[in-house]
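Accompanying notes for the structure given below.
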Amino acid sequence: MEHRIVGPGPYRATKLWNETVELFRARMPLRKHRCRFKSYEHCFTGAEAVDWLHELLRGSQNFGPEVTRKQTVQLLKKFLKNHVIEDIKGKWGQEDFEDSRHLYRFPPSSPLKPYPKRPPYQKDVIKFPEWNDPLPGTSQENIPVRPVVMNSEMWYKRHSIAIGEVPACRLIHRRQLTEANVEEIWKSMTLSYLQKVLGLDSLEEILDVKLVNSKFIIHNVYSVSKQGVVILDDKSKELPHWVLSAMKCLANWPNCSDLKQPMYLGFEKDVFKTIADYYGNLKEPLLTFHLFDAFVSVLGLLQKEKMAIEAFQICCLLLPPENRRKLQLLMRMMARICLNKEMPPLCDGFGTRTLMVQTFSHCILCSKDEVDLDDLLAARLVTFLMDNYQEILKVPLALQTSIEERVAHLRRVQFQKSYPEVYQERFPTPESEALLFPEKSKPKPQLLMWALKNPFQPFQRTRSFRM
């Protein structure tokens, strides 16, 4: 029984949790142990559990070789808290797991995580306004009219309409393509594109479509700097100046032009801790709780790198602009620190790359549910982000082009229906062009000398010239 690859789809985090629990129960070696002059059958030490589970997770394509021993210990703490395992005396829940010779065992049955039951979402089909539909709040009866003085001519007109000789006039309301229509087009086409990349029949079970804000998508596409970083309209949501200065300091180390105070031994470690404390105290992860299942679902595509990058691009467009900006600046700093050979070690126990992943993964991706593998999944995602952040945090050009072409087409249709005569003059049809520019009779091409088969052959006498 091996860890199978769990692809994109609903409840991916739940599937990974249940499969890991089942593998752990089925394959973890159990044996007899002695503790305080007493023997215990079918149990294992905390260190043995960490060793075995660590190798299982590192060998799984769902998590990868970047899984650390510390992350494995954190997962076993969750197992103990949720009664997947218990200590040798049957205690669980409030006890803390120890990576030591402390003895643990499996309960008679380890509870699996139930699949969440969500109310079915109704698919919101975008209904574009019909050109003859009245505006909301108006009707034929409520249209103000002037009082008409009845005379013979007016009586004849009304009588003709009543007996059907003259068709009654119909009031036609001409509608414009509103800003709300454009926002709904951006939202629907973006979600449709994501659904197509993930290969799912519906997105309803990985995100609540009603919570997707179309204004966020449009802002993340158009309100950007030359470097592609989001520009915020509300400056109160910006990073604090001291955090931004600290990030610039480490990103440009050792050329810290923004800092005027003298540096001391270990200065860079204190600056890094300042940044880590700020991001660690955020109320919500940068990728938001709402989009957790969507990003976890995309992790199932990592074997297809190009498709995974494309899916991550679309998911990052759904973020609030302030979250996307903080993520962009954080990933740029992390990548520069990892590539900077002049940067002194920021931690004695970890390499720079591992330290970046361990420090910031929880503030980037996190689940509300404690019964989850969010630590492992976040580390997997952040590692992929660090390697491909320049592509992932770009606006997908194909999506932007298709949406802009769709909006332009609808505006042309609206203009054509509202002003058919003007449209026909500006955009003539082939039939109208044929009437305006009739085809002239084409002159026959002149016979050229080199068009002959053998133009310069000597004259040969035939039989009719014989004497």
Is it the case that the stretch 301-317 has a residue that's at pLDDT 95 or above, crowded, with 19+ Cβ neighbours inside 10 Å and in a loop (DSSP other than H, G, I, E, B)? no
Output the qualifying pairs, or none if there are none: Cβ atoms under 6 angstrom, residues six or more apart or on different chains, first residue in the stretch 51-67 and open to solvent by less than 60 Å² (accessible area, probe 1.4 Å), second residue among the aliphatic types (A, V, I, L, M) and in a loop (DSSP other than H, G, I, E, B). 52/28; 57/67; 62/6
Is there a residue being surrounded by 14 or more Cβ atoms within 10 Å (Cβ to Cβ), modelled with pLDDT of 75 or more and under 30 Å from residue 115 (Cβ atoms) anywhere in the stretch 411-429? no
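Within 24 Å of the chain's Cα centre (by Cα), under 30 Å from residue 345 (Cα atoms) and not basic (Lys, Arg) - does that describe any residue in the stretch 308-324? Talk me through it step by step, then tell me what you get.
Going through the stretch 308-324, the residues within 24 Å of the chain's Cα centre (by Cα) turn out to be 308-324.
Okay, now just the ones that are also under 30 Å from residue 345 (Cα atoms), so 323-324.
Subset that is not basic (Lys, Arg): 323.
Within the stretch 308-324, one or more residues are within 24 Å of the chain's Cα centre (by Cα), under 30 Å from residue 345 (Cα atoms) and not basic (Lys, Arg).
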Top-ranked residue in the stretch 366-409 [being closer than 20 Å to residue 320 by Cα and of a type in the set (Gly, Ala, Ser); ranked as least open to solvent (accessible area, probe 1.4 Å)]: 378
The number of residues in the stretch 238-260 that are part of a loop (DSSP other than H, G, I, E, B), touching a residue at least 24 places away in the same chain (Cβ under 8 Å) and surrounded by 15 or more Cβ atoms within 10 Å (Cβ to Cβ) is 2
Residue check, residue 192 modelled with pLDDT of 90 or more, touching a strand residue (DSSP E or B) at 6+ places or on another chain (Cβ under 9 Å) and surrounded by 10 or more Cβ atoms within 10 Å (Cβ to Cβ): no
Answer yes or no: is there a residue in the stretch 2-14 that is surrounded by fewer than 16 Cβ atoms within 10 Å (Cβ to Cβ) and either closer than 20 Å to residue 294 by Cβ or among the β-branched types (Val, Ile, Thr) (or both). yes
I'd like the full set of residues that are of a type outside the set (A, V, I, L, M), assigned to a helix (DSSP H, G or I) and touching a residue at least 12 places away in the same chain (Cβ under 8 Å), limited to the stretch 360-389. 360, 361, 362, 363, 374, 375, 380, 383, 384, 388, 389
Please verify whether the stretch 227-237 includes one or more residues that are closer than 28 Å to residue 369 by Cα, free of Cβ contacts under 8 Å to residues at least 40 places away in the same chain and in a helix (DSSP H, G or I). no
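Taking the stretch 22-77, which residues are in a loop (DSSP other than H, G, I, E, B), under 23 Å from residue 88 (Cα atoms) and among the charged types (D, E, K, R)? Reasoning before the result, please.
As a first pass, look at the stretch 22-77 and keep what is in a loop (DSSP other than H, G, I, E, B): 28-30, 36-37, 59-68.
Narrowing further to those that are under 23 Å from residue 88 (Cα atoms): 28-30, 36-37.
Across the stretch 22-77, the qualifying residue is only 36.
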Which of the residues that make up the stretch 21-60 are in contact with a Leu (Cβ under 8 Å, 6 or more places away or on another chain) and of a type in the set (S, T, N, Q)? 45
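Every residue in the stretch 24-41 that is without any contact (Cβ under 8 Å) to a residue 12 or more places away in the chain and either surrounded by 10 or more Cβ atoms within 10 Å (Cβ to Cβ) or in contact with an Asp or Glu (Cβ under 6 Å, 6 or more places away or on another chain) (or both), please. Give the steps one after another, and end with the answer.
Restricting attention to the stretch 24-41, the residues satisfying the condition of being without any contact (Cβ under 8 Å) to a residue 12 or more places away in the chain are 32, 34, 36-39, 41.
Scanning the stretch 24-41 gives a single hit, 32.
The values are calculated or read from the model by the stated rules, or taken from the named source; none is laboratory data. What you see is a predicted model, and the numbers here were worked out from it, not measured in a lab. Backbone-built Cβ (ideal geometry, glycine too); neighbour counts: all protein chains shown. Note: accessible area is taken over every heavy atom of the protein model, side chains too, but ligands, DNA and RNA are not part of it. Shrake-Rupley method; radii C 1.70, N 1.55, O 1.52, S 1.80 Å.
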